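Quick notes on the structure that follows.
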Amino acid sequence: MIDSEGENRGVVSITEALNLAEQAGLDLVEISPMTNPPVVRIMNFGQFKYELKKQQQKQKITQKKSEIKGIRLSFTIGENDKMVRRKQAEKFLKAGNKVKIEMILKGREKAHQDLAQQNILDFVTSIEEENKIEQDIQRQGSKLNILITPKN
């Protein structure tokens with residue numbers, strides 16, 4: 001048993017531990033039930049639960065969930081449209097999100113895979129926000145994908 005000051009009292013009977021907790025005006029909490037004999041502690045259980053919940057909320061706030069944002073390019077994309085998509089990608093990367101860039105090839109565009117891959121790589125290198133390629137260019141049917149993440 002551990003008392004309210006944090007000192008180890010050794011092995012104590014259940015009735016004696018309950019009496020000590022009642023005298024201190026605190027609760028008797030079982031900390032480690034699997035050990036033989038089980039470890040118990042005299043503490044304010046309501047305050048303990050409150051502090052535990054507060055600590056969990058702090059951890060939840062510090063965790064950053066990164067989303068995958070998508071940008072779709074076309075084989076014959078104009079320069080102004082490319083600039084708009086570039087600004088979007090920079091905004092997503094600045095926010096800490098991953099960016100999936102995809103290009104869907106239609107008809108005879110499928111015969112020019114190398115040009116499509118070059119267009120995607122040119123687009124990625126034109127992004128001013130520092131990034132790294134997490135997943136290289138992959139082909140899925142008539143679609144080409146690349147995944148980039150912010151460089152931290």
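Read the figures in this text as sums done on the coordinates, not as results from a lab. Just so we're clear, the structure is a prediction, and the values are computed from it rather than from any experiment. Using ideal geometry, Cβ is built from the backbone for each residue, glycine included, and neighbour counts are taken over all protein chains shown.
Of the candidates I42, I71, I101, the single residue that is aliphatic (A, V, I, L, M), over 24 Å from Q135 (Cβ atoms) and touching a strand residue (DSSP E or B) at 6+ places or on another chain (Cβ under 9 Å) is I42.
Taking the conditions (1) surrounded by 15 or more Cβ atoms within 10 Å (Cβ to Cβ); (2) in a helix (DSSP H, G or I) in turn, K87 satisfies each one other than (1).
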